[in-house]
Amino acid sequence: MYTELNSILNSGPDSFTQGEFILLSDRQSDASFLVHHFLSLYLRARCKVCFLGLVQSFSHYSAVSQRLGVSLTQAKEKGQLIFLEGLNESLTLLIPQKTDTGSEAMDFIRDPTVGLRRLFEFVRCSLQSSGGEEEDEWGPPVLLVDDVSVLLSLGVSAGAVLDFSHYCRATVCSQLQGNMVMLVRCNGEEEEDGGDEEGSELLLKGLTHQCSLTLNVRGLPTGYCRDIHGQVEVCWRRKEGDGQNTQKKLFQYKFSPLEVAAPLALLLSGVRGRRSEVPEEPDNQEERCTFTLASGPRRAAL
Amino acid sequence: MLPELLQGVDAGGLIVIQDCAGYSGRRLLQSFISAALNRDETVHVIGFEVSEEELIGGLKGSSTQRLHFHDAFTDPLGWTDHPAFTVRQFNLDEVTHLVKQTSLPKAPTLVIDSLSWILRHVSPAAVCKTLQQLRKGGAVRAVIGLLHTDMHQRGTVGSLCHLATSVITVAPGMKGDEAVAKITKRSKSGKVMLDEEIFHIREDLAVIVQSKASHTGHKQPDPSEKETDPTANLTFNLRLSDTEREAKKKLALPFVFSKEKKTALLHSVPGSGRILYEPDANDDFDQEDPDDDLDV
């Protein structure tokens, strides 16, 4: 959990806006550190979390969270965390074992045309409180997906993923007043027109229309730099109360490993920009702060 | 032109508000709803993309008694047992039935949020047909729809816009919460009017047009512009007077050698060096005719 990021987003384990759909995206960069951030944030906030980990194994997420000071195994045992290990589930579907105990959430792998209804039902069953004591025990429900682009490569159409996210939003954000965090990755260039319309670009646009906050991670436009590892564009949409439609800010970040045992530090210098403009003058750098984190953003390739 | 559109749509009108991921047109749509409600009109909203609470929360300040929300948000595909309104029900009969549930003397305005959601599941031809039937059917007075242009192919967007009586394309403005609206309005006579306005939406959903960056489509070329002489206000002179012409003739140009100039320049000064040359027969040797010297 990056405390500085929390202060930028006006959130924290004690207080955060409910009913938000946060869209994380990256373009030729890696935004998985944000997934770990939100996972640890919501677990600390005592939310009931449903995590669809389609990219990495449970032990990976667990190891990263361990260094962030959150134990996934304990959370799972307590019933706070419901983890769908996409790698394992798809394997049991592709190579059926004798003791077939895999859930039906991932059965779209067999026939991608049926859509993601089963996956949504898995999410709904996981997060809908069954009443009684559990309701008091855990806070608002949270759905985390890492990452939805994997569904595309499993053969699901972008439209079906958008339907899935719509249903999740209607249930989690609107009905249960919880939060939803999804990661989309785009590998192509931004100005790609027409070529990739069916794929991740369409998915990103569709999800952008749905969400209330986007965090877009990308490399520096000026190229590699030793002191800054990339930039995050934060865009608030739909701030009805303020009468403001969209608000954009640009921040630059740096991971700096200190010692092996000590947490890694992430240095973040904020550059405030209006809309899509990127101010280049060094005078505009307003904030420079360090935020500590217990793991690097390491991630194996798919 | 934006305030005129907000003040009222002609019967049988179809307004399409186009937006993209960079700027949401939903607030403008809400302005339209609120303007219609303030005119004591009945508004039916088919909401695919926002929940009823969110829509009514955004419409604070307007009386929502005459607002009828048809919930297509919670279950648009019929994944649960009791869907209120599914995307398959978007056809003339079902929508007319929906609207007629509240019997009223005046035909209501139908708002669709958004057409993009329907277009993802229903073929564009069917959507266009339904919209056209709704316009002509008389059950609704006017239809206002939101369309996310970046979600569809250009042809789909084009065919919907051909159907519309007014198309408003919104885009982010240069600063603050300003936005730019490009408006295409087709009147019944067939005249097409284009306009571009910079606007912002106040908290009470009132649309304030800040300036007109207008270039109307049927603009006459400015008559005063045509008659102006480009040589009128020059800082230099294009024509010569007689005296000037005389002076010009008198002037000896450099590098043009008159006889006087030549003698003046080549006049030998006593004491200076001089080249003496006596022509020599040998110097006059012609290579092409080596036998020239032979007196044949």
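Structure summary
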quantity	calculated
Spin-label zone in the stretch B:1-31 - amide nitrogen under 18 Å from a point set 7 Å from the Cα of residue B:211 along the C-beta vector	B:1-2
Extension gain from residue B:294 to residue B:246, taking 0.36 nm per residue of separation minus the Cα-Cα distance	11.3 nm
Cα shape, the stretch A:1-120, gyration tensor, a/c 1.5 rule	prolate
Accessible-area ranking of B:193, A:182, largest first, probe 1.4 Å	B:193, A:182
Acute angle (nearest 10 degrees) that the helix B:124-137 long axis makes with the longest principal axis of chain B, alpha-carbon atoms	60
Estimated inter-spin distance, residue B:263 and residue A:97, nm [label 7 Å along Cα→Cβ]	12.2
Mean separation of Cα contacts under 8 Å, 6 or more apart, over the residue count of the stretch B:32-133: relative contact order %	33
Residue A:76 accessible area, assembled protein chains, probe 1.4 Å, Å²	90
Relative contact order (%) - chain B, alpha-carbon pairs under 8 angstrom, separation at least six	19
Probe 1.4 Å - accessible area at residue B:136, Å² to nearest ten	140
Rounded to whole Hz, the Karplus (6.51, -1.76, 1.60) HN-Hα couplings of the stretch A:158-170, x for glycine and proline	4, x, 5, 5, 5, 4, 4, 5, 5, 5, 4, 5, 4
Tilt relative to chain B, helix B:26-38 - C-alpha long axis, 0 to 90 degrees, to 10	50
Residue order for B:88, B:120 - accessible surface, 1.4 angstrom probe, largest first	B:88, B:120
Calculated FRET value between residue B:174 and residue A:107, using beta carbons and R₀ = 56 Å, to 0.05	0.65
Rounded to 10°, Cα long-axis angle of helix B:154-163 versus longest principal axis of chain B	60
With DNA, RNA and ligands ignored, accessible area of residue B:151 (1.4 Å probe; Å², nearest 10)	30
Estimated inter-spin distance, residue B:193 and residue B:81, nm [label 7 Å along Cα→Cβ]	5.4
Among beta bridges that DSSP assigns inside the stretch B:2-212, antiparallel share in %, nearest 5	45
Three-way shape call for the stretch B:2-212 based on the alpha-carbon gyration tensor, with the a/c threshold at 1.5	rounded
Residue A:74/residue B:204 FRET efficiency (R0 56 Å; Cβ-Cβ; nearest 0.05)	0.65
Set of lysines with alpha-carbon distance to residue B:250 below 18 Å, sequence-local pairs under 8 removed	B:259, B:261, B:262
Cα gyration tensor category, rounded, prolate or oblate, for the stretch B:17-105 with a/c compared to 1.5	oblate
Karplus 3J(HN,Hα) series, Hz, for the stretch B:255-262 with 6.51 cos²θ - 1.76 cosθ + 1.60 (x for Gly, Pro)	6, 10, 9, 7, 5, 5, 5, 5
Residue B:237-residue A:222 pseudo-label distance in nm [points 7 Å out on the Cα-to-Cβ vector]	5.6
Residue-wise HN-Hα coupling along the stretch B:282-289, computed from phi with Karplus coefficients 6.51, -1.76, 1.60 (Hz; x: Gly, Pro)	5, 6, 8, 6, 9, 5, 7, 10
Nonlocal amide H pairs with residue A:220, under 5 Å, H built at 1.01 Å	A:231
Residue B:100-residue B:63 FRET efficiency (beta carbon distance; Förster radius 25 Å; 0.05 resolution)	0.65
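The values are calculated or read from the model by the stated rules, or taken from the named source; none is laboratory data. Note that the structure is predicted; figures quoted are calculated from it, not measured. We place every Cβ from the backbone using ideal geometry, glycine too, and count neighbours over all the protein chains shown. We work out accessible area using only protein heavy atoms, side chains counted, and drop any ligands, DNA or RNA first. Shrake-Rupley method; radii C 1.70, N 1.55, O 1.52, S 1.80 Å.
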